[in-house]
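The next block holds one structure in the form of structure tokens; read it before the comments.
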Amino acid sequence: MGQERRAPDGKERGAGVTEGKVFLVGAGPGDPGLITVRGKQLIEMADAVVYDALANSILLPPGARTTGRPELYYVGKRSGAKDTVTQDEINSLLVKLAREGKRVVRLKGGDPFVFGRGSEEAQAMNDASVPFEIVPGITAGIAAPAYAGIPVTHRGLSTSVTFVTGHEDPAKPTTQTNWAALAKSGGTIVLYMGVKTLSNVSAALIGGGMPGDIPAAAIQWATHPKQRTVVATLETLPAKAVEQNVSAPVITVIGWSIVLRDELNWFERRPLFGRRIVVTRAAQQAAELSERLRELGADVIEMPATQIARLDLAPLRTEIDRLSLYNWLIFTSKNAISIFWEQLLGAGKDARVLAGLNVAAVGPATAGALLEHGIAVDVIPTRFVAEGLIEMLQTRDDLGGAKVLYVTAEGARDVLPQALKDLGADVTRIETHRSIVDGEGAEKLVRAIEAGNVDLVTFTSASAVRGYVDAVGEDVALRVPAASIGPQTSDALREAGIEVKGQAEESTLDSLASAVVGAL
Ligand code: SAH
């Protein structure tokens with residue numbers, strides 16, 4: 001947020017460089033994890049990216065839209081719609097950008113040389129003497145069956161696979177595809193593009209001698225969270241696809257190995273598959289939870305409801321300088337720990353200054369963050385809320401007269417320092433940061449909620465609940481149930497009138513993810 005990405009060398013490219021170049025990069029089938037490392041690096045270093053409808057726009061560098069670096073050119077063509085940009089115009093654009101000395105990434109869905117007219121673009125570069133490279137990608141014909149649990153070859157079931165375009169309508173005399181020969185190949189057939197011609201293709205294959213009862217599957221939006229698979233037979237798939245409103249983009253697979261889908265359908269079988277879940281954590285911290293939910297199959301929308309802002313850290317530095325006066329050091333959040341460590345190191349110190357101190361944490365995530373810095377906590381509560389830590393501390397007899405440094409977020413509840421004082425401790429409270437409302441993405445989320453497309457919103461703090469309600473508006477906020485990380489967050493939700501459908505048993509992200517699965 002607010003942090004734009006620069007080219008890794010920070011240099012202005014373009015001006016001064018005489019020779020531009022065009023990289024024809026395969027973006028993969030949609031799942032942003034399925035682009036090659038080389039492709040991703042090239043995007044990060046590009047001066048311009050020219051991309052298609054089927055190249056996932058998540059792959060574009062964050063911030064490019066606002067900073068104009070790299071320049072973005074959308075040249076998507078969709079079948080049915082009138083082409084807005086012709087192939088000649090795309091070729092000319094690529095040549096023009098390269099001649100301006102730019103490194104141009106031509107980002108194409110799947111693999112650039114599989115039914116993507118990448119070869120024509122490469123020819124145009126060659127004709128114009130523009131240097132180019134080809135970066136292969138995972139083609140939809142490989143990815144879609146894999147994500148539908150269909151091996152394209154399998155010992156004993158299929159020893160070959162053919163990629164074929166369904167644009168070649170078998171009913172037309174001009175077809176270049178020998179459908180009758182394909183019917184006899186005995187291998188798996190993977191059909192691109194042919195939603196409208198499917199019934200003619202099916203008829204031509206059956207006419208060529210392929211059994212009508214061979215399994216056939218149509219996979220729509222493969223590798224995307226909205227992937228959908230319709231399984232039938234070669235004979236019945238055309239009608240079933242129409243009946244179930246299957247529309248482009250679709251890959252159709254025909255072959256016996258489809259029978260293995262019952263065993264191998266890993267993607268659509270994940271517990272949160274097809275669910276849309278919102279993560280409201282601060283942008284810097286969202287990734288971990290989002291990744292967990294995505295792995296469980298969810299379509300995750302990130303809407304950071306809070307952002308971390310550092311407070312004046314002079315008081316913290318003062319206490320770090322006299323840490324030896326303390327007996328206890330208590331942390332209530334991972335953010336407080338990172339800020340504490342950064343200040344500690346900044347002062348030329350390290351973990352050794354904590355040698356004589358007892359260290360405590362409110363929960364396992366906080367304790368884990370300490371362990372990353374080489375500190376094993378002395379007290380960790382069994383119930384992961386402030387009250388749990390208090391119970392543990394009450395069983396000890398070394399708090400009377402002890403000096404405690406309590407490092408926390410602004411606005412954190414006062415129960416813990418109060419309880420420590422009740423036990424006779426001398427508590428110094430230092431606040432390191434505050435959570436501020438960050439409504440980025442709120443508009444998009446409001447539209448998704450209003451369209452009924454959101455199943456659940458997750459919260460990891462009471463301040464995120466307040467931030468979320470502020471960002472989307474109260475009436476919209478009330479429409480979607482929530483899952484929370486613990487009792488305080490749940491209280492904040494109930495106070496806001498939001499239904500709490502799940503609550504983590506422990507205040508950990510894993511436990512929150514389980515609560516989400518349980519709630520849905
Ligand atoms: N170069 C691309 C194919 C471009 S042709 C590749 O290698 O994948 C466009 C066709 O690809 C679509 O009509 C559809 O048949 C297929 N396709 C691309 N992405 C797809 C996806 N995510 N799910 C299903 N089919 C897809």
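The values are calculated or read from the model by the stated rules, or taken from the named source; none is laboratory data. Just so you know, these numbers come straight off a predicted model, no measurement behind them. Neighbour counts run over all protein chains shown; Cβ positions are idealised from the backbone, glycine included.
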Of all residues in segment 104-115 being crowded, with 23+ Cβ neighbours inside 10 Å and assigned to a loop (DSSP other than H, G, I, E, B), the one that is farthest from the ligand (Cβ to nearest atom): PRO112
Mind checking which residues of segment 160-194 are surrounded by 19 or more Cβ atoms within 10 Å (Cβ to Cβ), β-branched (Val, Ile, Thr) and in contact with a helix residue (DSSP H, G or I) (Cβ under 7 Å, 6 or more places away or on another chain)? VAL164, THR188, ILE189, VAL190
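Results for (1) small (Gly, Ala, Ser); (2) surrounded by 15 or more Cβ atoms within 10 Å (Cβ to Cβ); (3) closer than 30 Å to VAL469 by Cβ; (4) touching a Lys or Arg at 6+ places or on another chain (Cβ under 9 Å), shown as yes or no for each residue.
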{"site": "LYS226", "(1), (2), (3), (4)": "no, no, yes, no"}
{"site": "THR229", "(1), (2), (3), (4)": "no, yes, no, yes"}
{"site": "GLU235", "(1), (2), (3), (4)": "no, yes, no, no"}
{"site": "VAL246", "(1), (2), (3), (4)": "no, yes, no, yes"}
{"site": "PRO249", "(1), (2), (3), (4)": "no, yes, no, no"}
{"site": "THR252", "(1), (2), (3), (4)": "no, yes, no, no"}
{"site": "GLY255", "(1), (2), (3), (4)": "yes, yes, no, no"}
{"site": "ASP262", "(1), (2), (3), (4)": "no, no, no, no"}
{"site": "ARG276", "(1), (2), (3), (4)": "no, yes, yes, no"}
Does segment 432-455 contain any residue that is without any contact (Cβ under 8 Å) to a residue 60 or more places away in the chain, over 19 Å from SER290 (Cα atoms) and not assigned by TED's automatic domain parsing to the domain that holds LEU293? no
So for segment 96-103 (the condition being touching a Ser or Thr at 6+ places or on another chain (Cβ under 7 Å) and either outside any loop (DSSP other than H, G, I, E, B) or in the same structural domain as ALA203 (by TED's automatic domain parsing) (or both)), does at least one residue qualify? no
Might you let me know whether segment 80-87 holds any residue that is of a type outside the set (Val, Ile, Thr), modelled with pLDDT of 95 or more and more than 12 Å from the ligand (Cβ to nearest atom)? no
Name every residue in segment 125-144 that is more than 10 Å from the ligand (Cβ to nearest atom) and either buried (at least 19 other Cβ atoms within 10 Å of the Cβ) or closer than 12 Å to VAL253 by Cβ (or both), in order of residue number. MET125, VAL130, PHE132, VAL135
Can you find, within segment 145-159, the residue that is surrounded by the most Cβ atoms within 10 Å (Cβ to Cβ) among those that are more than 16 Å from the ligand (Cβ to nearest atom) and part of a loop (DSSP other than H, G, I, E, B)? PRO151
